[in-house]
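Undergrad: Can you read through this structure? Questions will come right after.
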Amino acid sequence: MKKYLKIALAALAMVVLTTSCLKDLDVEPLDENLPVATNVFDSPEAYMQALAKLYASYAVSGQEGPSGKPDIEGIDEGFSNYLRQYWNAQQLSTDEAVMAWNDATIKDFHWQTWAPNDVFIAALYARVFYTISISNEYIRNAAGKEEYKEFLAEARFIRAHSYWHALDLFGSPGFVTEDDAPGAFFPRQIGRTELFNYIESELKAIENDLGNPRFMYGRADKAAAWMLMAKLYLNAEVYTGQNRYADAVTYLEKVLDAGYTLAPAYSDNFMADNHTSPEMIFSINYDGEFTRSFGGMVYLIHAAIGGTMPADEFGVGGGWGGLRTTKAFVQKFYPDVVNGIYSTPRPRNYKNSYPVIYVPGNYMIPEWDPANSAQLASVNSDGTTKVTSGLKPEKNSNLPMDPHGM
């Protein structure tokens with residue numbers, strides 16, 4: 001009898017423990033304002049905010065910016081930015097750009113000696129699939145809700161856009177959609193032709209649900225889908241073995257018919273007011289105050305400034321001295337220049353620059369102002385120095401002496 005009693009008590013204890021464990025796991029956070037899966041999509045504002053996160057995954061690298069609470073781990077957050085890594089993979093692997101830094105394996109892009117364990121390639125792959133994963137979650141929650149039909153189309157565009165990056169850069173990547181519930185599993189590897197067909201079908205399915213061209217700067221619209229279709233078809237022969245140039249032309253004509261055209265000045269596309277450019281179809285938005293990152297345009301601008309290049313003429317406070325173009329690329333535009341090639345083409349109207357020397361003692365008074373004090377400078381950049389007073393120096397006269405004598 002005692003034997004059976006012990007067994008019964010043990011069974012009862014197991015039931016109690018099991019029940020207790022299950023109930024212990026079925027809890028909600030004490031902080032009601034803490035977002036969880038059951039309450040994050042609880043209002044129209046929440047859907048808009050979550051959609052903004054999908055777009056932001058291209059621009060920023062974490063939750064704070066420019067660093068702190070990163071979206072992915074295993075690499076410096078500044079290095080891991082989506083746009084930064086995508087640009088590196090596309091440009092440093094060509095004869096257009098080189099990197100002067102020795103960070104990890106960054107030079108392997110230009111030498112074309114990268115390997116599957118390359119930290120930068122791994123970071124780009126992780127970025128692509130982070131965006132795909134959060135897009136899947138958004139689509140899973142917005143699907144079937146008519147009031148969010150346009151938001152849903154934008155999320156599907158972003159996912160298709162990132163899958164195009166995966167298709168173009170990696171060929172046959174892993175594949176997950178909103179139908180794959182979150183959890184620990186190995187996604188299947190999709191073939192290149194199958195992935196091409198999937199992206200094509202997604203873009204066609206959402207075309208009519210997207211906003212009309214230029215309905216809001218920075219958001220995907222019909223023209224963005226048309227341009228992505230054109231890019232997909234442009235390289236279809238590589239992706240699938242089938243020529244689709246005629247289809248590319250069809251979608252490019254849609255873009256042109258929507259009023260898009262080349263900007264009068266190419267540099268206008270990179271100005272702070274580039275939302276006015278007739279060339280801008282789909283942008284990754286930065287504003288310098290609320291969108292902070294060590295990637296994106298911060299990287300592309302700062303890293304390309306070095307040497308005697310005046311950073312203030314590019315609208316920044318300093319350069320990082322990393323990115324530059326190649327000698328062969330420069331000679332495509334300046335074929336007669338053989339010696340003295342620098343990181344960027346030499347401006348034809350370049351003048352020598354000379355430093356400004358403030359007259360000793362003049363700056364000792366408390367109200368000293370460099371714009372209204374005696375100075376020694378070569379005002380005409382001709383090597384002739386004279387004393388000036390209350391005269392602002394030339395645009396380039398505050399630069400250090402050029403050691404190359406340009």
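Undergrad: Report whether or not residue 204 is surrounded by fewer than 18 Cβ atoms within 10 Å (Cβ to Cβ), of a type outside the set (S, T, N, Q), modelled with pLDDT of 95 or more and part of a helix (DSSP H, G or I).
TA: yes
Undergrad: For the subset of region 96-121 comprising residues that are out of contact with any strand residue (DSSP E or B) (no Cβ under 8 Å at 6 or more places or on another chain), charged (D, E, K, R) and farther than 13 Å from residue 85 by Cβ, which member is surrounded by the fewest Cβ atoms within 10 Å (Cβ to Cβ)?
TA: Once the filter is applied, the top-ranked residue is 96.
Undergrad: While we're looking at this one, here's another question. Scan (1) within 30 Å of residue 182 (Cβ to Cβ); (2) modelled with pLDDT of 90 or more for the single condition residue 92 breaks and write down its number.
TA: (1)
Undergrad: Residue 7: under 30 Å from residue 298 (Cβ atoms) and either assigned by TED's automatic domain parsing to the domain that holds residue 142 or modelled with pLDDT under 90 (or both), yes or no?
TA: Answer is no for this residue.
Undergrad: Across region 191-223, what is the total count of residues that are touching a strand residue (DSSP E or B) at 6+ places or on another chain (Cβ under 9 Å) and of a type in the set (Asp, Glu)?
TA: Residues in region 191-223 being touching a strand residue (DSSP E or B) at 6+ places or on another chain (Cβ under 9 Å) and of a type in the set (Asp, Glu): 2 in total.
Undergrad: Starting from region 124-142, take each residue that is without any contact (Cβ under 8 Å) to a residue 60 or more places away in the chain and in the same structural domain as residue 73 (by TED's automatic domain parsing) and list its partners that are in a helix (DSSP H, G or I) and among the small types (Gly, Ala, Ser), counting only C-beta distances under 7 angstrom and pairs at least six apart or across chains.
TA: These pairs meet every condition: 124/89; 128/162; 128/166; 132/162; 139/155.
Undergrad: Moving to a separate point now. Report whether or not residue 142 is surrounded by 13 or more Cβ atoms within 10 Å (Cβ to Cβ), out of contact with any strand residue (DSSP E or B) (no Cβ under 8 Å at 6 or more places or on another chain), among the hydrophobic types (A, V, I, L, M, F, W, C) and at positive phi.
TA: Answer is no for this residue.
Undergrad: I need the full set of residues from region 72-91 which are surrounded by fewer than 21 Cβ atoms within 10 Å (Cβ to Cβ) and either closer than 15 Å to residue 322 by Cα or of a type in the set (Val, Ile, Thr) (or both), in order please.
TA: 72, 75, 78, 79, 87, 91
Undergrad: Select the helices (runs of 4 or more DSSP H) contained entirely in region 230-341, then report the ones holding at least 1 residues which are assigned by TED's automatic domain parsing to the domain that holds residue 90 and among the charged types (D, E, K, R).
TA: 236-240, 245-257
Undergrad: Please specify each residue of region 173-199 satisfying the condition of being at pLDDT 95 or above and not in a helix (DSSP H, G or I).
TA: Correct list: 173, 174, 175, 176, 177, 178, 189, 190, 191.
Undergrad: Can you find a residue that is surrounded by 14 or more Cβ atoms within 10 Å (Cβ to Cβ), farther than 30 Å from residue 62 by Cβ and among the basic types (Lys, Arg) anywhere in region 292-308?
TA: No: region 292-308 contains no residue that is surrounded by 14 or more Cβ atoms within 10 Å (Cβ to Cβ), farther than 30 Å from residue 62 by Cβ and among the basic types (Lys, Arg).
Undergrad: Six or more apart or on different chains, Cβ atoms under 6 Å: show the pairs whose first residue is in region 293-312 and farther than 14 Å from residue 270 by Cβ and whose second is modelled with pLDDT of 90 or more and not in a loop (DSSP other than H, G, I, E, B).
TA: If the second residue must be modelled with pLDDT of 90 or more and not in a loop (DSSP other than H, G, I, E, B), the pairs left are 295/83; 295/84; 303/323.
Undergrad: A follow-up question, please. Among the residues of region 65-78, are any assigned to a helix (DSSP H, G or I) and small (Gly, Ala, Ser)?
TA: no
Undergrad: For residue 52, are the conditions met, namely being assigned by TED's automatic domain parsing to the domain that holds residue 286 and surrounded by fewer than 16 Cβ atoms within 10 Å (Cβ to Cβ)?
TA: yes
Undergrad: Quickly run through region 176-196 and pick out the residues that are free of Cβ contacts under 8 Å to residues at least 24 places away in the same chain and surrounded by fewer than 18 Cβ atoms within 10 Å (Cβ to Cβ).
TA: Those that are free of Cβ contacts under 8 Å to residues at least 24 places away in the same chain and surrounded by fewer than 18 Cβ atoms within 10 Å (Cβ to Cβ): 179, 181, 183, 184, 185, 186, 187, 188, 189, 191, 194.
Undergrad: For region 271-327, which positions are more than 13 Å from the chain's Cα centre (by Cα) and closer than 19 Å to residue 220 by Cα?
TA: 273, 274, 275, 276, 277, 278, 279, 280, 281, 287
The values are calculated or read from the model by the stated rules, or taken from the named source; none is laboratory data. The structure presented is a predicted model; accordingly, all values stated were derived computationally and were not measured. Backbone-built Cβ (ideal geometry, glycine too); neighbour counts: all protein chains shown.
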